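**Q** Take a look at this one; I'll ask things after.
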Number of protein chains: 2
Amino acid sequence: MEKEWRRSMPLLSMNIVMQLTGLTARQIRYYEEHELVQPARTEGKQRMFSLDDIDILLEIKDMLATGVNIAGVKQIFEMKNSPAAKNDTKQVITDAQLRAIVKEEMQLAQRHQRASLRQGDLSRFFR
Amino acid sequence: MEKEWRRSMPLLSMNIVMQLTGLTARQIRYYEEHELVQPARTEGKQRMFSLDDIDILLEIKDMLATGVNIAGVKQIFEMKNSPAAKNDTKQVITDAQLRAIVKEEMQLAQRHQRASLRQGDLSRFFR
DNA sequence: GTTGACATGTTAGCTAACATGACATATACT
DNA sequence: AGTATATGTCATGTTAGCTAACATGTCAAC
């Protein structure tokens, strides 16, 4: 309970954070620009980082090194912080639709008419 | 219980899947290449997709449209399927380390020696 | 206060690679 | 027989992520 706010206490300057993370100032600002970190500011607008911020920065560094891009990192962070998000591949096709599709498809195949259903994007029918 | 295997039953051909998802064959193969989908195969090596596959493909399409890249999509999928992964920003810096850092930093600042700790990447000490 | 290191926001530009397209050839379906 | 798919290779546009550079602003110490 005491450690908690100690970790979120903004006491590290840009300079130190650069050393701790191995990131350039430009990179760090870039990540902030994309809302991945929100360091506190002094009255004079200078960034002050907490330990939590450092953790986040190191995580970003990790993921980027893995090949994930900023958009991906953001998505993953959101996923971590939202308790929901647990939905396994949401069901976008109902069984009824399936039956219709397959039936339609078979009819078409049988009639050698690859003209109607087969052309055009049907994805709009789903989700 | 019956619907389950119906959804995972591979019965859709490339052609249909293209219509259903609005993706090109090239795209779908590309995603498979990156192990995001694993469609079944006929004896003649032709892909046969299940409804679950379709769901996955639509999800991929969604995320890519959002700006997430393949690596990100993969990461997110893994995160969904692994029960753990729940770790909020794992602690990479201990309080002891913190004290050392800050102390060191203050001493250095005081002595006007911006030469020792301040240069070099310290990120290797963490994680 | 004045000084000198450090931060800031902004702009401009590089580069590497991601995601697709396109084509060719071979094999599989019906 | 004729379309649909497979696989592989080459090519391409776009843009994400970053560096470099600048002019201005901040902070601590003397």
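**Q** Name the residue that is nearest to DNA strand D (Cβ to nearest atom), counting only residues in the stretch A:1-53 that are assigned to a helix (DSSP H, G or I) and of a type in the set (Val, Ile, Thr).
**A** First pass over the stretch A:1-53, keeping only residues assigned to a helix (DSSP H, G or I): A:2-7, A:14-21, A:25-33, A:51-53.
Still in the running and of a type in the set (Val, Ile, Thr): A:16-17, A:21, A:28.
Values: A:Ile16: 12, A:Val17: 14, A:Thr21: 12, A:Ile28: 9 Å.
Here the residue is A:Ile28.
**Q** Can you pull out every residue in the stretch B:27-73 that is within 11 Å of DNA strand C (Cβ to nearest atom), farther than 18 Å from A:Ala71 by Cβ and either of a type in the set (Lys, Arg) or out of contact with any strand residue (DSSP E or B) (no Cβ under 9 Å at 6 or more places or on another chain) (or both)?
**A** If the condition is that a residue be within 11 Å of DNA strand C (Cβ to nearest atom), farther than 18 Å from A:Ala71 by Cβ and either of a type in the set (Lys, Arg) or out of contact with any strand residue (DSSP E or B) (no Cβ under 9 Å at 6 or more places or on another chain) (or both), then B:Gln27, B:Arg29, B:Tyr30, B:Glu33, B:Arg41, B:Glu43, B:Gly44, B:Lys45, B:Arg47 are the ones that fit.
**Q** Follow-up question, since we're still on this one. Can you run down the residue pairs with Cβ atoms below 6 Å, 6 or more apart or on separate chains, where the first is in the stretch B:13-26 and over 22 Å from B:Ala65 (Cα atoms) and the partner is within 8 Å of DNA strand D (Cβ to nearest atom)?
**A** Final answer for the pair search is none.
We did not get these values from a lab; they are worked out from the coordinates using the rules stated. This one's a predicted model, so the numbers in the text were calculated from it and none came from an experiment. Virtual Cβ from ideal backbone geometry, glycine too; neighbours counted across all protein chains shown.
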